[in-house]
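Below you'll find the structure, written out as structure tokens, and then a few comments.
The values are calculated or read from the model by the stated rules, or taken from the named source; none is laboratory data. Just so it is clear, the structure is predicted and the values come from calculations on it, not from any experiment. So basically every Cβ, Gly included, is an ideal-geometry build from the backbone, and we count neighbours across all protein chains shown. Accessible surface is based on the protein model in full, side chains and every heavy atom, while ligands, DNA and RNA are left aside. Shrake-Rupley method; radii C 1.70, N 1.55, O 1.52, S 1.80 Å.
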Amino acid sequence: MAKKSRRWLAEHERDAYVRAARKSGYRSRASYKLLEIQQKYSVLRSGQTVLDLGAAPGGWSQVAKEITGRNGMVIAVDLLKMQPIPGVICLQGDFTEEKTVEQIRKTLDGTAPNLVISDMAPNLSGMKEIDQPRIVYLVELALAMAQEILSPQGALLVKCFQGAGIDPLRQAFQQSFLRFNNIKPAASRDRSREIYLLGRGLKA
């Protein structure tokens, strides 16, 4: 195993959020990012319909289902086949393709989601000039889908990276939603460029 990989694994095993996720039964440490955002902004509520884009391995969907409860609907979409999550509808497909979008619409069956969430990232090359445009594009697509399917006053929470293209995204969120927040959860690693864009109150 390469020295860099061994160092990453050692750090991963020491990570307090990794240990907490294992203890609590969450599929990833990312669950705590959503829990932290929830504690401050209350984006999830009982009975909501939530669409989770790029959901694998399912940590955010677990949190969403816990909070939305028996009367809530959580739809998790990912390219990868996910292990079932109790109470969550898991769809395998690429949400950037029309056939997957149609599958989502069919599953919603006329219900407009209250919230679209996404912790997805593209396959990373390690090169900013390649990775940054990829994630900006994914955020743009998530925003376009949210504008189309969200209920009135609905909300969108997505991951992005600090870098080129982030300012136009912020402006697009501000134009599309009544309230906008730029969030860096404590559960995000300090060296990570990831941030979360939250728009609440979809404008007509």
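Restricting the calculation to Cα atoms, the chain yields a radius of gyration followed by a Dmax of 16.5, 53 Å. Pairs of Lys residues in segment 55-204 that lie 8 or more places apart, or on two chains, and have C-alpha atoms under 22 angstrom apart add up to 10. In terms of modelled amide H atoms, which long-range or inter-chain residues lie less than 5 Å from the amide H of I117? Amide H neighbours of I117: L51, D52, L53, L157.
The residues of the chain expose, per residue, 53 Å² of accessible area to a 1.4 Å probe. Each of V139, G165, L178 was placed along the dipole of segment 105-204 (beta-carbon charges, centred on the mean Cα), and the one lying farthest toward the positive end is L178.
The orientation-averaged projection of the convex hull spanning the C-alpha atoms of segment 71-139 amounts to 5.7 square nanometres.
Amide H contacts for F177 (H built 1.01 Å from N in the peptide plane; partners 5 or more residues away or on another chain; cut-off under 5 Å): K203.
Mind putting a number on the dipole of segment 43-195 about its Cα centre? Charges go on the C-beta only, +1 for Lys and Arg and -1 for Asp and Glu, and I need it in Debye to the nearest 20.
Result for segment 43-195 is approximately 420 debye, rounded to the nearest 20.
Placing dummy labels 7 Å off each Cα toward the beta-carbon, the span from R105 to L178 is 2.8 nm. Would you mind getting me the FRET efficiency between E129 and Q162? Use the beta-carbon distance for r and R0 = 25 Å, nearest 0.05. Approximately 0.95, to the nearest 0.05.
Other residues whose C-beta falls under 15 angstrom from the C-beta of R45 contribute a net charge of +3, scoring Lys and Arg +1 and Asp and Glu -1.
Cα centroid separation, segment 25-71 to segment 72-111: 15 Å.
Students often check this: by mean Cβ neighbours within 10 Å, which of 187-196, 62-71, 85-94, 154-163 ranks highest, and how do the rest follow? The partial results should precede the final answer.
Values: 187-196: 14.3, 62-71: 19.0, 85-94: 15.9, 154-163: 22.2.
Highest to lowest by the protection proxy: 154-163, 62-71, 85-94, 187-196.
Take the Cβ atoms of D190 and Q39, set R0 to 25 Å, and the FRET efficiency comes out at 0.80.
To the nearest µm²/s, what D does Stokes-Einstein give for segment 108-200 at 4 °C and 1.567 mPa s, using the Kirkwood radius over alpha carbon pairs as Rh?
On the way: Rh = 13.7 Å.
Translational D for this selection: 94 µm²/s.
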